[in-house]
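Following: one structure in structure tokens, then a few remarks.
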Amino acid sequence: MNVTIKKTNLISRFIGDKQFYKMVLAVAIPIMLQNGITNFVGLLDNIMIGRIGTEQMSGAAIVNQLIFVYNLCIFGGVSGAGIFTAQYYGQKYTEGIRNTFRYKLWLSLIITAATIVLFIAYGSSLISMYLKGDPQSAQAIATLMYGRQYMLIMLVGLLPFMLAQVYSSTLRECGETVLPMKAGIISVLVNLFFNYLLIYGKFGFPTLGVQGAAIATVISRYVEALIIVSWAHRHKEQNPFVDKLYSTLKIPASLVQKILIKGTPLLLNETLWASGMAMLSQCYSVRGLNVVAGTNISSTVSNLFNISFMAMGNAVAIIVGQLLGAGKMDEAKDKANKLIAFSVACCSLVALVMLLMSPLFPMLYNTNEEARQLAKYFIIINAIFMPQNAFLNAAYFTLRSGGKTVITFLFDSVYIWCVSVSTAFILSRFTTLSVIAIYIIVQLADMIKCIIGFILVKNGVWIQNIVSD
């Protein structure tokens, strides 16, 4: 009898009713569709460049890895204020939402300006970090040249990307997930269309190769920003925060202080995590440019499948954040448990599909056999560890929803640098282990992080209302 009761309690703790899953999917599916289409077109984009040659693909891949650090800096910046936005929305406090928007805008402008200066001044040196395997070879020199060409054009697209993220994040935190999805879909289709025209020189357009791919991306960024910003301001009744949004750009000092206290660890976390991921790629690249090509193919394919747990992470942040802002602490904890369990279950199924399809994707690229084989093994490893990463992602967003950003900082970026990067650095430089073995060991090291995440979520250290005043 007691066993039956315990089993029933366990099921009710981690499995929700029909209404719960309808509510979760209403939030997650638009984000999943947007990210899915974005990453699918990103895959096609990557394949288009990969059809030109290994050097072009590797040069663009290295630059995209560096721009990924910028993207996550913006994500961290808007997310720090976004914790407050979600809770202000839960309280129906419109002026608070306006002020968090203004904070996002100022911070994103500063990050973007600093990134442009950094990439113009030190772009070649940053790309060269990934060419340590054989820096004087013709392949490495060509990769550096293509990477530099790609980078200079991509910088033009940082401003509209930043603006789109500031608006999109605020709209999502206020419950509007469909419009950013539509804008993202249109954007990636525009990117794909101009990729075809400009990479290969179709219908009278010049054949520009990697430069054409960069121009297409920049055009798509401006299209996305235009759609999101114009829609938000044309629908003031649905988005009351845009009314008098730019009447002032001043932010109350007390709110700035609160966001800095809660948001700075999150900004640092995203920056250090992204730079940690870039450093991991650099560690793997010590074993040669074929590894750069292989990791580029696998990461592009993996990103397509990872949309499941990324969307669920966003769902956790939005749903749990709003419940905490409304003071519904017990319900927030209950929903968080069910969301984490649902994320792991969904991603286990997605991982199985990814595993079965792993040999197919590398065959689409015009690269050598070694790069293809490496890509296949990297994809298999990513599929095997997807449920683990789903749990980690959901746990991270749960901790973050309650404003426990110092804990998430330690949990995420400090861990990746102290454990993951250190492990990869030592193994890649001081052992003769294959890059595949190193890749597996780095993934296995995250099991420790899973245990820490489980304890933190279970203890409920994240349950707090940070906008009650």
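The values are calculated or read from the model by the stated rules, or taken from the named source; none is laboratory data. All of these numbers come straight from a predicted model, not from anything done at the bench. Cβ: placed from backbone, ideal geometry, glycine included. Neighbour counts: every protein chain shown. All accessible areas refer to the heavy atoms of the entire protein, side chains included, with ligands and DNA or RNA removed. Shrake-Rupley method; radii C 1.70, N 1.55, O 1.52, S 1.80 Å.
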Among the numbered criteria (1) within 30 Å of Lys328 (Cβ to Cβ); (2) open to solvent by 40 Å² or more (accessible area, probe 1.4 Å), which single criterion is violated by Leu356?
(1)
Across region 79-119, the tally of residues that are closer than 23 Å to Gly157 by Cα and at pLDDT 85 or above stands at 19
Please find, among Gly201, Gly209, the residue that is out of contact with any strand residue (DSSP E or B) (no Cβ under 6 Å at 6 or more places or on another chain), at positive phi and in contact (Cβ under 8 Å) with a residue 60 or more places away in the chain.
Gly209
Out of all the residues in region 415-425, is one or more touching a helix residue (DSSP H, G or I) at 6+ places or on another chain (Cβ under 8 Å) and closer than 25 Å to Asn337 by Cα?
yes
Hey, among the residues in region 71-112 that are assigned to a helix (DSSP H, G or I) and basic (Lys, Arg), which one's nearest to the chain's Cα centre (by Cα)?
Lys104
Anything in region 136-171 that is in contact with a Gly (Cβ under 7 Å, 6 or more places away or on another chain) and of a type in the set (Gly, Ala, Ser)? List them, or say none.
Gly147, Ser169
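Does Ser299 qualify as being of a type in the set (S, T, N, Q) and either free of Cβ contacts under 8 Å to residues at least 12 places away in the same chain or farther than 30 Å from Asn459 by Cα (or both)? Write out each step before concluding.
Details: of a type in the set (S, T, N, Q): yes; either free of Cβ contacts under 8 Å to residues at least 12 places away in the same chain or farther than 30 Å from Asn459 by Cα (or both): yes.
It is true that Ser299 is of a type in the set (S, T, N, Q) and either free of Cβ contacts under 8 Å to residues at least 12 places away in the same chain or farther than 30 Å from Asn459 by Cα (or both).
Out of the helices (runs of 4 or more DSSP H) lying entirely within region 122-224, which hold 3 or more residues that are open to solvent by 40 Å² or more (accessible area, probe 1.4 Å) and of a type in the set (Phe, Trp, Tyr)?
On the way: elements: 138-154, 158-173, 178-200.
So the answer is 178-200.
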Log entry, pairs with first residue in region 374-402 being closer than 30 Å to Gly90 by Cβ, second being open to solvent by 10 Å² or more (accessible area, probe 1.4 Å) and not in a helix (DSSP H, G or I), beta carbons closer than 6 Å, six or more apart or on different chains, reads Gly402/Ile463; Gly402/Gln464
Select from region 422-460 the residues that are without any contact (Cβ under 8 Å) to a residue 40 or more places away in the chain, open to solvent by 40 Å² or more (accessible area, probe 1.4 Å) and of a type in the set (Val, Ile, Thr) and list them in ascending order.
Ile426, Thr431, Thr432, Ile441, Ile448, Ile451, Ile455
Scan region 406-421 and give yes if some residue there is touching a Pro at 6+ places or on another chain (Cβ under 8 Å), open to solvent by less than 40 Å² (accessible area, probe 1.4 Å) and not hydrophobic (A, V, I, L, M, F, W, C), otherwise no.
yes
Residue satisfying condition, being open to solvent by 20 Å² or more (accessible area, probe 1.4 Å) and under 17 Å from the mean Cα position of the chain (by Cα), within set Met386, Met310, Met329
Met310
One residue is enough: does region 236-243 have a residue meeting the conditions in contact with a helix residue (DSSP H, G or I) (Cβ under 9 Å, 6 or more places away or on another chain), among the aromatic types (Phe, Trp, Tyr), surrounded by fewer than 18 Cβ atoms within 10 Å (Cβ to Cβ) and farther than 24 Å from Leu158 by Cα?
no
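Restricting the search to region 424-459, which residues are in contact with a Ser or Thr (Cβ under 7 Å, 6 or more places away or on another chain) and either of a type in the set (D, E, K, R) or in a helix (DSSP H, G or I) (or both)?
Taking region 424-459 first, the residues in contact with a Ser or Thr (Cβ under 7 Å, 6 or more places away or on another chain) are 438, 441-442, 445, 457.
Residues satisfying the conditions are Ile438, Ile441, Val442, Val457.
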Of residues in region 14-56 being under 19 Å from Gln149 (Cα atoms) and among the charged types (D, E, K, R), the one modelled with the highest pLDDT
Glu55
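Determine which member of the set Tyr284, Tyr246 is open to solvent by 30 Å² or more (accessible area, probe 1.4 Å), of a type in the set (Ser, Thr, Tyr) and either within 25 Å of the chain's Cα centre (by Cα) or on the phi < 0 side of the Ramachandran plot (or both). Don't jump to the end; show me each part of the working.
On the way: Tyr284 fails: open to solvent by 30 Å² or more (accessible area, probe 1.4 Å).
Residue meeting the stated conditions: Tyr246.
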Mind listing whichever residues of region 332-348 are open to solvent by 10 Å² or more (accessible area, probe 1.4 Å), closer than 19 Å to Cys450 by Cα and touching a residue at least 24 places away in the same chain (Cβ under 8 Å)?
Lys333, Asn337, Lys338, Ile340, Ala341, Phe342, Val344, Cys346, Ser348
